[in-house]
1. Among the residues of the stretch F:23-39, what is the count of those that are facing chain E (nearest Cβ under 10 Å) and modelled with pLDDT under 95?
2. Taking B:PHE128 and the conditions (1) facing chain A (nearest Cβ under 7 Å); (2) in contact (Cβ under 8 Å) with a residue 40 or more places away in the chain; (3) surrounded by fewer than 24 Cβ atoms within 10 Å (Cβ to Cβ), which numbered condition does it fall short on, given that it satisfies the others?
3. Would you check if D:PRO81 is surrounded by fewer than 23 Cβ atoms within 10 Å (Cβ to Cβ) and facing another protein chain (nearest Cβ under 7 Å)?
4. What is the number of the single condition among (1) assigned to a strand (DSSP E or B); (2) within 23 Å of E:LEU76 (Cα to Cα) that E:THR110 does not meet?
5. Within the stretch A:104-129, can you find the residues that are hydrophobic (A, V, I, L, M, F, W, C) and either modelled with pLDDT under 95 or in contact with a Phe, Trp or Tyr (Cβ under 7 Å, 6 or more places away or on another chain) (or both)?
6. Report, by residue number, each residue of the stretch F:41-73 that is under 30 Å from A:ALA23 (Cβ atoms) and not polar (S, T, N, Q).
7. Out of C:ASP72, C:ASP135, C:ASP142, report the one residue that is within 19 Å of D:ALA119 (Cβ to Cβ), surrounded by fewer than 24 Cβ atoms within 10 Å (Cβ to Cβ) and either more than 13 Å from chain B (Cβ to nearest Cβ) or free of Cβ contacts under 8 Å to residues at least 12 places away in the same chain (or both).
8. Taking the stretch E:17-43 as the region of interest, how many residues are out of contact with any Gly (no Cβ under 7 Å at 6 or more places or on another chain) and surrounded by 20 or more Cβ atoms within 10 Å (Cβ to Cβ)?
Number of protein chains: 6
Amino acid sequence: MTDKLSHIDAGGNAVMVDISDKADTTRIAIAKARVLMSAQTAKLIADRGHKKGDVLGIAQLAGIMGAKKTPDLIPLCHPLPLTSVTVDLELADDVDGVDITATCKTTGKTGVEMEALTAASVAALTVFDMCKAVDKAMQITDIRVTRKEGGKSGTFIAD
Amino acid sequence: MTDKLSHIDAGGNAVMVDISDKADTTRIAIAKARVLMSAQTAKLIADRGHKKGDVLGIAQLAGIMGAKKTPDLIPLCHPLPLTSVTVDLELADDVDGVDITATCKTTGKTGVEMEALTAASVAALTVFDMCKAVDKAMQITDIRVTRKEGGKSGTFIAD
Amino acid sequence: MTDKLSHIDAGGNAVMVDISDKADTTRIAIAKARVLMSAQTAKLIADRGHKKGDVLGIAQLAGIMGAKKTPDLIPLCHPLPLTSVTVDLELADDVDGVDITATCKTTGKTGVEMEALTAASVAALTVFDMCKAVDKAMQITDIRVTRKEGGKSGTFIAD
Amino acid sequence: MTDKLSHIDAGGNAVMVDISDKADTTRIAIAKARVLMSAQTAKLIADRGHKKGDVLGIAQLAGIMGAKKTPDLIPLCHPLPLTSVTVDLELADDVDGVDITATCKTTGKTGVEMEALTAASVAALTVFDMCKAVDKAMQITDIRVTRKEGGKSGTFIAD
Amino acid sequence: MTDKLSHIDAGGNAVMVDISDKADTTRIAIAKARVLMSAQTAKLIADRGHKKGDVLGIAQLAGIMGAKKTPDLIPLCHPLPLTSVTVDLELADDVDGVDITATCKTTGKTGVEMEALTAASVAALTVFDMCKAVDKAMQITDIRVTRKEGGKSGTFIAD
Amino acid sequence: MTDKLSHIDAGGNAVMVDISDKADTTRIAIAKARVLMSAQTAKLIADRGHKKGDVLGIAQLAGIMGAKKTPDLIPLCHPLPLTSVTVDLELADDVDGVDITATCKTTGKTGVEMEALTAASVAALTVFDMCKAVDKAMQITDIRVTRKEGGKSGTFIAD
């Protein structure tokens, strides 16, 4: 790991890092997020459960579409042809809340952590939007990368 | 406050809530987020400080632009003519991290909480992107609404 | 009704019609579409029925988001602050297929037919995408405006 | 051909299908659409004929640009580097209407049917928009895939 | 006219200026641009003249669509409901080149200079794209605001 | 170099040129632009110099993000996975103004001149936006390609 901010050059200029000479390899990244809410809100989500129109299904789709928007949102991210995006949401079993896991893949010259983080964040924001009429005090927390594979820096695992 | 999810109708269909008959009033929302990082990463950010090309300045701009993308990202959000967006980022004084505050305004028929939350989230994701070459274990936390003014439901204040 | 193409001027130039002096009134438009498919495909959709993750729920959300993209897609459409979008999908009772109804509203200077037609079209395309692995011979038909209210030209009703 | 909906997994979750391990091959898809209109409207289009500013030329350009928007519109579509898009529009010779043919190509891991269908649909919607001041009763019909080449499932031909 | 940069606050932060308390008035802006090219290139454009598929017609449409993208492109621009966009292109009579004039209108709280400048710039870039296979040495020049009406600062006229 | 407009076919139809059979090679393009302004405006920019929140830093970021929008803006441009974008801005030493240089790279089937030109143009428009409150008479000039490498047509150098 380096000790320099890769996106700012010696003169203080923002740069989209030059990846022209990097190899195309399979890249995988997994990111997580959690939405904390009142017991009542968690119950409202649970009650829709596996029925049509559930909060979690809508947030899942928003997360998948959000992954595709990453280079539009994050200024120095490269545009990437994502080959797989999955977003899973489930009610947490230890707190009142929703746990989100996003997995992105590509075959390319740079990693997909930002795509996975963006997918998880947009899914979390959508849960917030769907529930804010009943609960304005929700919090989105613990957005982080838990796994990253591929590329020169090798595999990173956290949790 | 209601006890129903406003974005799903009785038949389980997702709906963009009909706001046609709501009054145009001034709406303000403030949202916050925090990015936790290693002491070394926080120091790298601090060292660029008030110079050109700092991480916080780039994230700030990304947050402002992100607010304008809210209806593209959040499926059931209404498109809104934002009249003001400010995003402030500063190094936290109690932990190694960055604190983000986003404030959005509009004169319209619905609130701007989602715009403020999206601005704060995109700014946080951009801090992550700028620093991920030196610190893969960062966490984005405490994304929440701290103030909401305007509209029928009145003023909401949290912290 | 006029007998001239409003979007092309006397010199053959494309124009976004000047609506600056038109009054802000409530505008409503309803558009419909139908996706024809094999009996087997219709049965696969019906089997998921009111469960989570059904084809119709995903297409519904895509249609709502599609309505917001109208001015990006249709060159001479004005950008509009939509105040309501609903998209309904149901299995047709007279053929093997899905019937789609999209309703858009705004308070503005021009109508929302194109938004309703775009919502219905994007929902239909999404049904196609979800089912194309099992049925490549589907057809999208009967995309049309069935109701338009508001503005100088008054109410239009068809079916 | 499979008998399962490829975009929904066993648990009812929407997924962007994982194409990471598929080969890059040349993919071609052709889609068609038809816009039905009054004889008077068809005549107005014909009268502009091969002059500058014709309805068909504007719709053609909108269709080409629409193809590039496909992954933004269709939730579970992969982003793809299109290598060719052509859209042809001509007055139908058997009815009062416009016939549209869109052809898309890529070298990639998945097909371009949705891109061709989206191009044809957006071109058709643009014809509608250009003519709706003179004819509100138009219909867009017969949107379908007529040819698909490349990939594991081989060549599909219809029409 | 002020002597301060309105988009940067005292602390060096970028801000989207707060226009919440400004009145809604009619705003008009006109911007111009010129594309300089070889005599041969200008002749190729002239030869297509008023026929279908001319370079100028395609650039005109791109300019109109570009105006709608302004808040996506210019970080601190407010989103605005444009009520009119026209873009005119003609061969210059004093040099080998194309002259572009873009006019934008809105009823809103801030001006539309950036929309007119963006329309003119995107139209000019599109002329460049259409002709670059025959002429790589083209230049886009003289992009400027020639007229601005509405708002507190009154009418500005240049040329 | 050809003497035909590559984006219009024999029948006057706009086409996105078919690049399916072209080889993937490394492509580089450099474009320049200049913003002319009053001495007072140039001094305001210089005074912020290397501090946080400078005009040039914000325009730089806008230019980088603008490059990624090229296929959305220029109708017949192919979508491309850019592997590098840099945008440099500095005060001109021979006039009151800002000089902009944008460099884009990709490994692909077509060149990146339009991406470099778009980056330079959007950066220039952003300088204009940031300074227009103090100087409405600015001009953007000299937008041109100064270098192009890669592809069948070989290296082009201008200045």
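1. 0
2. Failed condition: (3).
3. Yes: the conditions hold for D:PRO81.
4. (1)
5. Of all residues in the stretch A:104-129, those hydrophobic (A, V, I, L, M, F, W, C) come to A:104, A:112, A:114, A:116-117, A:119-120, A:122-125, A:127-128.
Selection gives A:LEU117 alone.
6. Scanning the stretch F:41-73 gives F:LEU61, F:GLY63, F:ILE64, F:MET65, F:GLY66, F:ALA67, F:LYS68, F:LYS69, F:PRO71, F:ASP72.
7. Answer to the check: C:ASP72.
8. At the first step, the residues of the stretch E:17-43 found to be out of contact with any Gly (no Cβ under 7 Å at 6 or more places or on another chain) are E:17-23, E:30-33, E:38-41, E:43.
Those left that are additionally surrounded by 20 or more Cβ atoms within 10 Å (Cβ to Cβ): E:30-33, E:41.
So the answer is 5.
The values are calculated or read from the model by the stated rules, or taken from the named source; none is laboratory data. Given the structure is predicted, the values throughout are model-derived calculations rather than measurements. Heads up, the Cβs are rebuilt from the backbone with ideal geometry, glycines too, and the neighbour counts pull from every protein chain shown.
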